Amino acid sequence: MKSKPINPTKYSYSQAFEVKKPAKLLFISGQIPESADGHIPENFTDQCLLAWANVEKQLKDANMRMSDLVKITIYLSDRKYREENYEIRKRVLTELNPAMTIIITGIYDAKWLLEIEAIAAT
């Protein structure tokens, strides 16, 4: 597969992401900040890292990697998490620049401070 970010920003996302003739597409449902045993961390940093770990698990289970991400949508329960979310996203994605949208919204479970959904392609 040939892919490339279009107009990447310095904030670990691109304005667009081109994928030519993908062999495989994976649509990842919103990953929540809850562990397999039902534990939900109390603070945003731990919840964000757990949600990203859950995204990565779905990728691995589909024999894909974080570098296959082409689009992410992050739902934040409050805009006060905006900067912390950016710092963690930058750490997790390193040099990756998928297309991205962030939405401030009410989330299904009031204990969750964010949710992350994604699309990957190879």
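Being more than 14 Å from Ile116 (Cα to Cα), basic (Lys, Arg) and in contact with a strand residue (DSSP E or B) (Cβ under 9 Å, 6 or more places away or on another chain) is the filter here, so list the residues in segment 48-106 that pass it.
Answer for segment 48-106, where residues must be more than 14 Å from Ile116 (Cα to Cα), basic (Lys, Arg) and in contact with a strand residue (DSSP E or B) (Cβ under 9 Å, 6 or more places away or on another chain): Arg65, Arg79.
For segment 98-121, how many residues are within 30 Å of Lys2 (Cα to Cα) and not polar (S, T, N, Q)?
Qualifying residue count for the region: 12.
With respect to Ile32, determine if the residue is buried (at least 17 other Cβ atoms within 10 Å of the Cβ), β-branched (Val, Ile, Thr) and either touching a strand residue (DSSP E or B) at 6+ places or on another chain (Cβ under 6 Å) or touching a residue at least 24 places away in the same chain (Cβ under 8 Å) (or both).
yes
Condition first: without any contact (Cβ under 8 Å) to a residue 40 or more places away in the chain, assigned to a loop (DSSP other than H, G, I, E, B) and among the hydroxyl-bearing types (Ser, Thr, Tyr). Can you find one or more residues in segment 72-81 that meet it?
Yes - at least one qualifying residue is present in segment 72-81.
Among residues belonging to segment 88-122 that are surrounded by fewer than 13 Cβ atoms within 10 Å (Cβ to Cβ) and of a type outside the set (A, V, I, L, M), point out the one that is nearest to the chain's Cα centre (by Cα).
The qualifying residue nearest to the chain's Cα centre (by Cα) is Thr101.
Read-outs throughout are calculated quantities, based only on the coordinates presented, and are distinct from any laboratory measurement. Predicted model only: the values in this text are computed from it and were never measured. We place every Cβ from the backbone using ideal geometry, glycine too, and count neighbours over all the protein chains shown.
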